[in-house]
1. Out of curiosity, is Gly6 out of contact with any helix residue (DSSP H, G or I) (no Cβ under 9 Å at 6 or more places or on another chain), open to solvent by less than 30 Å² (accessible area, probe 1.4 Å), farther than 30 Å from Asp213 by Cβ and not aliphatic (A, V, I, L, M)?
2. If Val93 meets every condition in (1) aliphatic (A, V, I, L, M); (2) under 27 Å from the mean Cα position of the chain (by Cα); (3) open to solvent by 80 Å² or more (accessible area, probe 1.4 Å) apart from one, which number is that one?
3. Restricting the search to segment 348-397, which residues are assigned to a loop (DSSP other than H, G, I, E, B), modelled with pLDDT of 80 or more and crowded, with 16+ Cβ neighbours inside 10 Å?
4. Among Asp133, Asp123, which is open to solvent by 10 Å² or more (accessible area, probe 1.4 Å), assigned to a loop (DSSP other than H, G, I, E, B) and either more than 28 Å from Val7 (Cα to Cα) or in contact with a His (Cβ under 6 Å, 6 or more places away or on another chain) (or both)?
5. Have a look at Ala327, Ala310, Ala251 and point out the one that is in a loop (DSSP other than H, G, I, E, B), more than 25 Å from the chain's Cα centre (by Cα), at pLDDT 85 or above and more than 30 Å from Leu198 (Cβ to Cβ).
6. Report every pair of residues separated by at least 6 positions or lying on different chains whose Cβ atoms are under 6 Å apart, first residue within segment 96-124 and in contact (Cβ under 8 Å) with a residue 12 or more places away in the chain, second of a type in the set (Phe, Trp, Tyr) and in a loop (DSSP other than H, G, I, E, B).
7. Within segment 407-421, can one find any residue that is part of a strand (DSSP E or B), at pLDDT 85 or above and within 21 Å of the chain's Cα centre (by Cα)?
8. Suppose the filter is within 23 Å of Ala73 (Cα to Cα), at pLDDT 80 or above, open to solvent by 70 Å² or more (accessible area, probe 1.4 Å) and not in a strand (DSSP E or B); does Asp156 pass it?
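The values are calculated or read from the model by the stated rules, or taken from the named source; none is laboratory data. The shown structure was predicted, so the numbers you read here are calculated from the model rather than taken from an experiment. Cβ coordinates were reconstructed from backbone atoms using ideal geometry, including for glycine residues, and neighbour counts include every protein chain displayed. Calculation scope for accessible area: heavy atoms of the full protein, side chains included, ligands and nucleic acids excluded. Shrake-Rupley method; radii C 1.70, N 1.55, O 1.52, S 1.80 Å.
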Amino acid sequence: MFEAKGVSKRYGGVVALHPTDFAVAPGTVHALLGENGAGKSTVVKILTGSIAPDTGDVLQEGQPVRLSTTADAARRGVAVVSQELNLFPELSVLANLFVNREPRRAGGLDRTVMRRRAEPVLDEVGVSLKRLDRPLGDLTLADQQLVEIARALLVDPTVLVLYEPTSALEAVSTDNLMRIVGALRARGTGVVFVSHILEEVLSVSDEVTVLRDGRTVLSRMKRRDVTIASVVEAMLGDRPDSSSLPRPVAAVAPAAEGGSLRVDRVPVVADHAPVSLDIPPGEIVGLAGLLGAGHQEVLRLAAGFERPQAGHMLLPDGTPVPRPHRASVAAGIALVSGDRRATGLMLDKSLWENIAQVRSVALRRDGVLIRRRQLRERAAEQARRLTIKARSVDSSAGSLSGGNQQKVVFAKWLELEPQILLLDDPTRGVDTGAKDEMHRLIRAIAEQGAVVLLCSTDNKELVDLCHRVVVFYRGEVAGELTGEGLAIHRLLEAVNTGVIEAAA
């Protein structure tokens, strides 16, 4: 039905995709898998007209087609659902479903036809029909993701590309989407399914292709011929095992005193067994799992965003983690988020204003009066430590590259001199050199006696930086990886299966 043949893509001196073949047949689900940077996004962008390949062709029913834009692909029946929602929060749910293809009557929108077309599709994906006239922004992120899926289904696509479609969905909604994928297969639609949740994608796939470093390592393998273990091996190859590299000894730093951050019999996901953890000062502990596994909920509880439904979340001095979040910050708890645009930065403000925001403005640790010169000097020192590339600390945060923006977020929390450092994908979008520098600073903070908890979608980061990694699976702790057992292959397999095998 739809095929990319010999397509490749280069950005300057970087090869994003070597010559690659990929095809989806009618009534099949083809899984496209690989680690971050493997080339999956490039293949999807070529198939959907977002970018043109440097070499090769896109074929539809055996005939070459030219896809100059995503609109060209859409006209040929290619629809895409992405984890990056392409929606308008201020418009109604109904309006979002028909953007740029609204049915009209007598010069105006035909809302009756819009509702008649939308209702069966929304009912199929599980969105309440009572919400059609509400602003989309009033819906939960999970329901917004379902609206995005419904919009794609409304065009009755011949090819549907699902790119991390369950990234924001709860378990019930995910199960519903799997049912919808099965129905699409039955009616002859070709589905390209891209997901890092291997158990999920393999459960509905007919064929599997795996990319690694821009090259195809498994091509159109029948689902019955692969396992999660074989897919993990294909994704990672014979990469040197980080468990063989030097790692700091998991020991409390000499300067550290007092007790540990303790999670004492706290249910992190409803209707699942409670979790108990002990994180001593000086140790970097990773929390790993798929979306909704419970590891990120531990960070939110430790940051004071929520109160445990049962059990206790205790600081090293034995007192409960204070709430709200502002009180936990005052207690020396820093949460560094990788979502810099949503929660990390004021893009229209200068670097020094962003870096001073927590310590000097919110907590007033430098006095009631703001001394601009002093704050600029402190910000300049942090910028030097983190090699932030900017003309000056007076530059706006929005003018920086994504990686440098993330370093500004990190600098802001370093100013707090935290006793508990919570890291949620802290190096997302940061180049390798800057990442190494941030890792060095994280290690230094731990060695000075801080408690450090790290959640990351980068498995290599977890393996390289942490003394041990606690694996969460379906709302509960599956076990820990440490020492020689803390290796990328074992970690990737553990988060996808919940099974932790002992190191050889």
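1. no
2. Of everything listed in (1) aliphatic (A, V, I, L, M); (2) under 27 Å from the mean Cα position of the chain (by Cα); (3) open to solvent by 80 Å² or more (accessible area, probe 1.4 Å), Val93 misses just condition (3).
3. If the condition is that a residue be assigned to a loop (DSSP other than H, G, I, E, B), modelled with pLDDT of 80 or more and crowded, with 16+ Cβ neighbours inside 10 Å, then Ala356, Ile388, Ala390, Val393, Ser395 are the ones that fit.
4. Asp133
5. Ala310
6. Asn96/Phe88; Met114/Phe98
7. Yes: one or more hits.
8. Here the answer is yes, as Asp156 does meet what is asked.
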